[in-house]
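Below is one structure, written out as C-alpha cells; the observations come after it.
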Amino acid sequence: MLLVAFFCTLSAFIMAIMGIVQRPQHLQMLAGIYIVYYVIAIGVVFVILPSKALFSLIIMNVISGVLYLPFLALSSPNVAVETGSGDKRPHVRSQNKGLNVAAGLLALLFVVSLFGAAQTKFGVKPVYNSLKIKTMKTAPLLDKDATPIAIAPKTVRNKMNKAMSAVPNTSYYKLGALQTQVVKGKTVYIAPVEFDGFWRWQRAKQSPGYFMIDATNVNAEPHFIKQSMKYTPSAYLFEDAQRVIYNRFPGWVQEGQPQLEIKDSGEPYFIQTVYKARGVSSRINYKSLHVVVLNAKTGDTKLYSAAGAPKFINESIASSTAAEMNEIFGWYGNGYFNAHFNKTGVKDPNSNGTEDGVTPVVDKHGDISYFNDFTSPKTSADSTMGYSMINARTGTLTYYTGKNIGVMDSDGAKKIAEKEYVAQKWSATMPIMYNIDGTPTWVVSLLDSTGAFRSYAYIKAADQSVKAYATTATQALDQYRVQLATVGSTASSTTNSKTIKLKGTVERVVVIPNGDNQNVLFAVKGNDTLWTVGTADYPKAVLMKAGDQVKLTGRVNESAKTGTVEAFTNQSFK
C-alpha cells in the first residue's frame, strides 16, 4: 500500500527533487509539501483501494503532478537577463528549466493517459480474442438426478435472515453475499456472517461463522456453521479481506469482490479474481485470469491460475467477470465501431441472472458454470440467439446455438410464467434453459411477494402453450415430459411415443396443481409408465384412488417412461 501510494505520487516526487536541486534553500518547503501529498495518497489508497493498472497510476500521477506544479513554480529562481541593447539595466524575471521540464512531463503523462483511455474504450478486439470460446449446436441433455435445479437466491436469503437468531450476539452482524458451491458432492448455498459496521467489528473482533443450505430442496432450512473468521470483507483496517489481498499482491488488479468458499471439512476461505492489465490501459486478458485464496482464520494467502486453484474452489472466476465476458463476446467480436454502428453479428446478453446478471448452474460432474442467454440488440426483439455457459474455473465460454436460435428469450419466459398467477402477483426469477428430450426448455422459479418459493415452471421455448407447473422440480419435469409426448413436439418425443390401450388397477395416485387446472398422476399395477390425466378434460379424475379399476387409451414417451391419457374411464367410479 505504501508502494502504491508512492507510485501514485511519483510525478510530484520528481518535481520536488528538481526543485530542491535548483533551490536547496527551499528544501523544507518542497519536501514538506511532497510528504503531505504522500500521506494524503496513503489515506486515499487505504480507503478506496484504487486499481493498480498502469493506466490508473498514470492518471493519478497527472493529478498529483498538477497539484504540485504551483509549489514548484513558487520556488523558481529569479535570473537577471538583458532585455535590449539600448537598455543598460537588466530585467529580473523567473527562468526555471525544472519548471519547464515538469510541465513537459505532465503533458507527456496526459497524452499517454489519453492514449490509455482510448485503448481501454476502443481496443476491445484484443480482449475478445483473449476469450476461450467454443460453439456447439447441441446442448447436453438434462439429467434430473445429476443436474440439480437450485432454489432462488431471494428465497434462500429470506430463510437465512430468519435464521440469524442462531448467531451469538446477533445485533453485531448481518448476512453476507450468497454463494453457490458444491460441498461433499452436494450443491449448497453459503453466506458468511459479516460485521454490521465499524464499532461492531471493534467489539466482536471475529465473525462467528457462516450459513449453509441445500440448494436443491425447496423445503430445506439453513444451518449455522461455527467457524470463527478473522479476515472478512466486512472487517476493517488490516483485517479487511480485500485490503489484505491488495497489499500482498501489488502487481495484480482485483476483479469483483472477495467471495466465500469452503473446504469439505468446513474450513472457510475468501477468494478474489485478479488479472494483469494490458499495457497502458485497464484492458483485461481473459486467458491469464488468476485467483488469490485467503485463509479466513489465519490470513495466509496464495496465488493460483484460475484453472489451477485447489479442487474445493468452485468459482475461481467471479460472476461479475463472467458477466463482462458475455458483454465482450456478444458485442465486440467485430470491434468497437461495428458494435455501435453496423452491429453485424452483435448479440445482446440478457441480465436476468441471479448474480451480476448470470446464473450459476451445476452440471452432473459437480462443475459450476454461469448461464446467460442472448437476444438481438433491436429493442423489439423477444427471441433468443443462443445462450452461453462459462465454466467458473477455466473461463471457457461455450455458446449453444442449434435449436436455441429464434425461440423465446429469458424475458419472454418470465412473462409467460407469471401470467399463470397474475392474481397471486407471483414473480418469476432465475430463468435457465435446459435441453429436455431434445427440446430447448425454460425452467423458471416463481416466488410470492415475500420472496418465498411457490412453484417451478417448465416452458417449451418454441411453444409457450406447452408448459408445466409444480412445487418440485421432479414433478414439473415429469408433467412437462408428458406434455411433450402428447404434442409430439420433438424428434426425440415423436420417435419414442406411441399410442396404447391399457386396463388395470390403480396402484398409486397423486394430484398436482398445474396453473389454473390440476393434473392427476397415477401408476397402474404391472405397468412401469407414469400416467397423467387432466381435470380439465376429466373432472372426476381428481377423485381417483388406489385400487380403482381404470380403462384408458394414451400416448407413451418410452424414453421418459411417461404417458398422457387421451381417453379415460374409471370403472370403479362412474
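The values are calculated or read from the model by the stated rules, or taken from the named source; none is laboratory data. All values derive from a computational prediction rather than experimental measurement. Neighbour counts are summed over all protein chains in view; Cβ atoms, including those assigned to glycine, are modelled from backbone coordinates with ideal geometry. Just so you know, the surface numbers come from the protein's heavy atoms only, side chains and all, with ligands and any DNA or RNA stripped out. Shrake-Rupley method; radii C 1.70, N 1.55, O 1.52, S 1.80 Å.
Any chance region 335-352 includes a residue that's modelled with pLDDT of 85 or more, open to solvent by 40 Å² or more (accessible area, probe 1.4 Å) and either assigned to a strand (DSSP E or B) or of a type in the set (Val, Ile, Thr) (or both)? Yes, because at least one residue in region 335-352 is modelled with pLDDT of 85 or more, open to solvent by 40 Å² or more (accessible area, probe 1.4 Å) and either assigned to a strand (DSSP E or B) or of a type in the set (Val, Ile, Thr) (or both). Tell me yes or no: at least one residue of region 409-426 is farther than 21 Å from Glu255 by Cα, aliphatic (A, V, I, L, M) and open to solvent by 40 Å² or more (accessible area, probe 1.4 Å). Looking through region 409-426, at least one residue is farther than 21 Å from Glu255 by Cα, aliphatic (A, V, I, L, M) and open to solvent by 40 Å² or more (accessible area, probe 1.4 Å).
Among the residues of region 175-209, those that are open to solvent by 40 Å² or more (accessible area, probe 1.4 Å) and of a type outside the set (Gly, Ala, Ser) comprise Lys184, Lys186, Asp196, Phe198, Trp199, Arg200, Gln202, Arg203, Lys205, Gln206.
Within the set of pairs 6+ apart or on separate chains, which have a first residue in region 381-393 that is of a type outside the set (Lys, Arg), a second that is open to solvent by 40 Å² or more (accessible area, probe 1.4 Å) and at pLDDT 80 or above, and C-beta atoms under 7 Å apart? Once the first residue is of a type outside the set (Lys, Arg) and sits in region 381-393, its partners that are open to solvent by 40 Å² or more (accessible area, probe 1.4 Å) and at pLDDT 80 or above give Asp382/Asp411; Asn391/Asp367. Being farther than 17 Å from Thr120 by Cβ and either touching a Leu at 6+ places or on another chain (Cβ under 9 Å) or not aliphatic (A, V, I, L, M) (or both) is the filter; apply it to region 322-334 and report the residue that is most open to solvent (accessible area, probe 1.4 Å). Per the criteria, the residue is Asn334.
Would a scan of region 129-150 turn up a residue that is assigned to a helix (DSSP H, G or I), within 20 Å of Ile284 (Cα to Cα) and modelled with pLDDT of 90 or more? Yes, region 129-150 contains a residue that is assigned to a helix (DSSP H, G or I), within 20 Å of Ile284 (Cα to Cα) and modelled with pLDDT of 90 or more. Scanning region 75-128 for residues that are at pLDDT below 60 and among the charged types (D, E, K, R), which turns out least open to solvent (accessible area, probe 1.4 Å)? The qualifying residue least open to solvent (accessible area, probe 1.4 Å) is Asp87. Quick one: would you say Asn326 is under 22 Å from Val253 (Cβ atoms) and outside any loop (DSSP other than H, G, I, E, B)? So Asn326 fits the description; yes. Restricting attention to region 353-375, the residues being open to solvent by less than 30 Å² (accessible area, probe 1.4 Å) and either assigned to a strand (DSSP E or B) or more than 19 Å from Thr398 (Cβ to Cβ) (or both) number 14. Restricted to region 210-252, and to residues that are among the hydrophobic types (A, V, I, L, M, F, W, C) and in a helix (DSSP H, G or I), which residue is surrounded by the fewest Cβ atoms within 10 Å (Cβ to Cβ)? Filtering first and then ranking leaves Leu237. Within region 253-272, the only residue that satisfies the criterion of being charged (D, E, K, R), at pLDDT 90 or above and in a strand (DSSP E or B) is Glu261.
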